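Trainee: Here you go, one structure.
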2 protein chains.
Amino acid sequence: MLGILLGTLALHLPGVQTGVNRLDSVKLLFTATSAICITGLTVSDLGDGFTRFGQIIVIVLAQIGGLGIVTFGTLVAMLAGRKVNFTERQLLREQISALNVGGAVSLLRIILLYTLVGELAGAALLALRFVPQFGLGDGLYYALFHSVSAFNNAGFVVMPGGMSQYVQDPLVSLVIALQIILGGLGFLVQLNVLTHWQDPRRNRLLIYSKLTLSTTAFLLVTGTVVYLALEWANPGTLGPLQPAGKVLAAFFQSVTPRSGGFAPLNTEALVSGSLFLTMALMFVGANSGSTGGGIKTSTFAILMGSAWNLISGRTDLIAFGRRIVPENVVRAGTITAIYTLLVSGAFFALLVTNPKLDFTHLLFETISAAATVGLSMNTTSQINDPGLLILTVLMYLGRIGPVTFAVAINARRTNKSLIDYPPERDILVG
Amino acid sequence: MLGILLGTLALHLPGVQTGVNRLDSVKLLFTATSAICITGLTVSDLGDGFTRFGQIIVIVLAQIGGLGIVTFGTLVAMLAGRKVNFTERQLLREQISALNVGGAVSLLRIILLYTLVGELAGAALLALRFVPQFGLGDGLYYALFHSVSAFNNAGFVVMPGGMSQYVQDPLVSLVIALQIILGGLGFLVQLNVLTHWQDPRRNRLLIYSKLTLSTTAFLLVTGTVVYLALEWANPGTLGPLQPAGKVLAAFFQSVTPRSGGFAPLNTEALVSGSLFLTMALMFVGANSGSTGGGIKTSTFAILMGSAWNLISGRTDLIAFGRRIVPENVVRAGTITAIYTLLVSGAFFALLVTNPKLDFTHLLFETISAAATVGLSMNTTSQINDPGLLILTVLMYLGRIGPVTFAVAINARRTNKSLIDYPPERDILVG
Ligand SMILES: [K+]
Ligand SMILES: [K+]
């Protein structure tokens with residue numbers, strides 16, 4: 001919250017904007033929130049409207065936001081003293097002990113090192129393409145900017161011509177897609193996979209890792225196949241590309257809703273089936289504690305599993321030989337309900353404040369903001385200031401998660417009702 | 001299922017169609033399904049395209065459908081031998097004993113009597129308006145047809161000029177609105193209220209009744225206020241009406257998504273905020289075991305309660321001094337997930353088969369079909385045959401409910417997994 005305020009102030013400094021499409025205070029607040037929350041939505045093109053100085057402020061805010069989430073998501077478990085439903089702490093301790101890390105400071109050092117290595121490696125690979133194209137200075141700047149933007153799942157783009165010019169370029173596409181995927185998996189799962197790979201017998205692969213890795217793979221493959229089928233002949237998207245380029249672009253398009261925000265194809269030109277798929281993928285999002293948003297892959301997997309259970313008449317929810325406890329199913333349903341309410345409320349408020357804008361465009365924009373994806377049907381610049389303020393709040397709540405928000409509010413309240421009410425089973429549900 | 005086949009065959013009889021906009025077999029199948037499932041969607045205007053004979057077949061199918069649901073929803077509890085999560089049976093027994101009804105046959109007699117009285121009373125009141133307007137024969141026919149259509153929440157309209165001509169007429173509007181509300185409450189709740197009213201000490205008002213009555217009231221009041229605010233000056237809807245007429249029309253518009261299907265206002269002319277509200281109200285729907293569809297008011301109330309609990313840091317879900325058991329929360333979340341999947345899948349299939357049609361129009365149509373509401377943005381006639389078949393399946397699944405469908409499929413399977421898997425708590429959800 002403080003970061004958003006300071007970021008907004010920083011963007012008010014002279015020399016931030018070029019003068020093209022000058023932004024007022026509400027739009028600067030929106031941009032700072034979009035950066036800190038690593039959403040990536042922008043009212044005007046960052047490449048045109050912001051100077052290098054302004055762009056660097058934005059990417060630094062995104063770096064702070066991304067680092068904050070990874071660190072917070074990992075540290076909260078170690079430091080928190082209060083009880084939570086899930087044993088994030090225990091899960092983490094197991095991993096940290098495997099790395100022989102004693103305290104929070106050592107862990108922070110590892111996270112910083114991991115970020116630095118990931119971003120520099122990405123920048124080096126991107127530089128192979130960008131330096132020949134833009135010259136040494138600009139090439140390195142673009143390589144570093146977009147590597148940081150991708151590694152933190154921010155989705156800001158500043159280069160002339162945008163990201164879609166590399167839609168058939170395997171180097172740029174795959175580097176950025178990989179960074180988005182890793183960011184969406186989150187530090188915990190990557191750490192678990194790494195330690196498991198080093199010593200499979202001492203470090204078991206957690207059920208949580210298996211669940212989220214398989215869900216992510218399922219979403220990636222399904223998305224790629226469906227985009228390929230629906231957009232194959234669309235002249236506005238995959239139509240003009242070579243077959244290999246079509247596959248690459250469909251894969252990238254399937255990666256970006258989880259929640260990269262780089263648009264390999266013109267979102268507005270997608271057929272309506274692809275638009276809906278993109279909204280659904282954005283809504284599901286990435287892993288808990290990662291730089292991605294949405295209801296999270298584990299929530300989605302548990303709901304799908306429960307649905308299948310109810311349909312097939314089973315009572316226990318089994319995943320990889322373990323029974324998922326009912327508390328987690330309740331949590332998955334409740335979180336999805338809260339998330340749906342949040343998105344619905346914001347969408348309704350946007351419709352009322354911007355009655356002239358298209359229903360589908362605003363729905364897409366709302367989900368993109370809530371899930372901190374940053375894809376847009378080129379709508380952001382048409383939304384009025386009240387609408388931008390609604391999206392600002394939504395990006396913030398979507399980023400910190402409705403539950404974190406709730407826990408923060410209620411940290412001081414009692415957790416259990418004092419009266420022991422008699423149970424009620426006589427409710428017809430559904 | 002058999003009813004749909006026989007209904008479709010009956011609609012193939014000579015003399016059913018007038019010749020205006022002749023329907024092919026797929027469209028007749030769609031119409032028969034719409035009637036049996038009391039959805040009310042029609043490909044072409046029933047008043048123009050169907051003869052009186054054809055209209056009577058449609059309304060008889062709707063009567064069979066409506067009676068089937070009330071009877072089935074009430075009888076299944078008495079006759080079913082297998083265990084279900086909720087104690088529908090016990091709930092019902094209590095009520096039936098209050099009425100001194102011994103068996104299924106007596107109960108059936110009561111339901112038939114209740115239907116007959118409700119429909120005749122409605123028809124008598126509607127006749128006060130329709131006989132002066134259309135003459136004795138036509139007036140009585142229209143009164144009876146629309147009373148049956150409203151009492152069963154079917155939503156079919158055959159009179160010239162449609163239902164919107166009575167938007168400022170308190171008699172017609174209130175009679176039809178009342179029939180929709182009662183139909184959406186369902187037989188069980190009405191029975192409970194009636195017996196409670198007769199003898200409050202012997203027959204307690206069930207928690208289920210309190211929960212669904214208060215949720216229904218909340219949805220009605222909220223809907224009326226929001227429609228009034230958003231549509232007040234809209235020249236296509238409330239704009240031209242007198243203030244009293246505006247209130248009446250906003251109230252009717254708030255009743256019809258639960259799931260009457262009569263359109264007091266031109267749905268296509270609603271502002272986008274009202275459209276979204278209508279979609280949300282249709283999605284929530286009416287009570288379990290009623291002639292209404294949707295995820296049901298109790299499911300909605302439980303999800304809202306759980307969401308509020310998670311936000312306010314409470315663990316027990318309390319309603320009217322009772323603790324709702326976690327099984328019901330799991331069920332509410334799972335049913336909503338299944339319903340969302342069903343709607344999403346059908347919507348995606350519609351988008352792919354009808355790529356030229358508008359995203360918002362098709363979304364509205366899909367929710368309307370799934371929740372058996374029957375409101376439309378005048379889209380039904382533009383949907384191609386594959387799309388109509390998708391909606392036919394959706395109306396059927398939406399009507400019988402995904403869970404009933406699942407239970408029917410799995411009646412013979414074992415209910416409990418044989419292996420006792422170890423529990424898994426280490427899942428990050430949300
Ligand atoms: K993003
Ligand atoms: K209906």
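The values are calculated or read from the model by the stated rules, or taken from the named source; none is laboratory data. Because the structure is a prediction, the values reported are computed rather than measured. Cβ coordinates were reconstructed from backbone atoms using ideal geometry, including for glycine residues, and neighbour counts include every protein chain displayed.
Trainee: Could you tell me how many of the residues in segment A:333-343 are without any contact (Cβ under 8 Å) to a residue 60 or more places away in the chain, β-branched (Val, Ile, Thr) and within 20 Å of B:Met279 (Cβ to Cβ)?
Mentor: Going through segment A:333-343 one residue at a time, the tally reaches 2.
Trainee: Out of curiosity, is A:Leu211 out of contact with any strand residue (DSSP E or B) (no Cβ under 7 Å at 6 or more places or on another chain), among the aliphatic types (A, V, I, L, M) and either crowded, with 17+ Cβ neighbours inside 10 Å or at pLDDT below 90 (or both)?
Mentor: No; evaluated as a whole, the condition is false for this residue.
Trainee: Among (1) assigned to a loop (DSSP other than H, G, I, E, B); (2) over 25 Å from B:Phe348 (Cα atoms); (3) not hydrophobic (A, V, I, L, M, F, W, C), which single condition is A:Pro235 missing?
Mentor: Only one criterion is unmet by A:Pro235, namely (2).
Trainee: Please identify the pairs in which a residue from segment A:355-376 that is more than 9 Å from chain B (Cβ to nearest Cβ) and surrounded by 24 or more Cβ atoms within 10 Å (Cβ to Cβ) has its Cβ atom under 9 Å from the Cβ atom of a residue that is part of a loop (DSSP other than H, G, I, E, B) and basic (Lys, Arg), counting only partners at least 6 apart or on another chain.
Mentor: Final answer for the pair search is A:Ala371/A:Arg258; A:Val373/A:Arg258.
Trainee: Among the candidates B:Ala369, B:Ala346, which residue alone is closer than 21 Å to B:Leu275 by Cα, away from ligand 2 (no atom under 16 Å from the Cβ), among the small types (Gly, Ala, Ser) and in a helix (DSSP H, G or I)?
Mentor: B:Ala346
Trainee: To continue, here is another question. Let me spell it out: the conditions are (1) within 7 Å of chain A (Cβ to nearest Cβ); (2) at pLDDT 85 or above; (3) more than 16 Å from ligand 2 (Cβ to nearest atom), and B:Arg314 meets all of them except one. Which number is the exception?
Mentor: (2)
Trainee: Also: Which residue out of A:Phe50, A:Phe130, A:Phe86, A:Phe72 is buried (at least 19 other Cβ atoms within 10 Å of the Cβ) and modelled with pLDDT under 80?
Mentor: A:Phe86
Trainee: Another one. Checking the condition among the aromatic types (Phe, Trp, Tyr), closer than 27 Å to A:Ser34 by Cβ, within 11 Å of chain B (Cβ to nearest Cβ) and away from ligand 2 (no atom under 16 Å from the Cβ), which residue from A:Phe262, A:Phe283, A:Phe252 passes?
Mentor: After ruling out the rest, the residue left standing is A:Phe283.
Trainee: Also, quick follow-up: Given (1) crowded, with 24+ Cβ neighbours inside 10 Å; (2) more than 7 Å from chain B (Cβ to nearest Cβ); (3) of a type outside the set (Asp, Glu), identify the lone condition not met by A:Thr334.
Mentor: (2)
Trainee: Same structure, new question: Evaluate the following for B:Thr392: is it in a helix (DSSP H, G or I) and not charged (D, E, K, R)?
Mentor: Taking the combined requirement at face value, the residue satisfies it.
Trainee: Among the residues of segment A:289-298, is there at least one that is among the hydrophobic types (A, V, I, L, M, F, W, C) and at pLDDT 85 or above?
Mentor: Yes, segment A:289-298 contains a residue that is among the hydrophobic types (A, V, I, L, M, F, W, C) and at pLDDT 85 or above.
Yes/no matrix, rows are residues, columns are (1) in contact with a helix residue (DSSP H, G or I) (Cβ under 6 Å, 6 or more places away or on another chain); (2) at pLDDT below 70; (3) facing chain B (nearest Cβ under 7 Å):
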{"site": "A:Gln382", "(1), (2), (3)": "no, no, no"}
{"site": "A:Gly387", "(1), (2), (3)": "yes, no, no"}
{"site": "A:Thr392", "(1), (2), (3)": "yes, no, no"}
{"site": "A:Gly398", "(1), (2), (3)": "yes, no, no"}
{"site": "A:Pro422", "(1), (2), (3)": "no, yes, yes"}
{"site": "A:Ile427", "(1), (2), (3)": "yes, yes, yes"}
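Trainee: With the structure loaded, tell me whether A:Leu11 is more than 16 Å from ligand 1 (Cβ to nearest atom) and either on the phi < 0 side of the Ramachandran plot or more than 14 Å from chain B (Cβ to nearest Cβ) (or both) or whether it fails that test.
Mentor: yes
Conditions tested, residue by residue: (1) among the hydroxyl-bearing types (Ser, Thr, Tyr); (2) farther than 21 Å from A:Ala32 by Cα.
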site	(1), (2)
A:Leu351	no, yes
A:Lys356	no, yes
A:Ile367	no, no
A:Thr372	yes, no
A:Thr379	yes, no
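Trainee: Please find, among B:Leu5, B:Leu23, the residue that is modelled with pLDDT of 75 or more, surrounded by fewer than 14 Cβ atoms within 10 Å (Cβ to Cβ) and not acidic (Asp, Glu).
Mentor: The unique qualifying residue is B:Leu5.
Trainee: Are there any helices (runs of 4 or more DSSP H) wholly within segment B:240-330 with 3 or more residues that are in contact (Cβ under 8 Å) with a residue 24 or more places away in the chain, within 17 Å of the chain's Cα centre (by Cα) and more than 20 Å from B:Ser209 (Cβ to Cβ), and if so which?
Mentor: Where helices (runs of 4 or more DSSP H) fall fully within segment B:240-330 and carry at least 3 residues being in contact (Cβ under 8 Å) with a residue 24 or more places away in the chain, within 17 Å of the chain's Cα centre (by Cα) and more than 20 Å from B:Ser209 (Cβ to Cβ), they are B:243-255, B:272-284.
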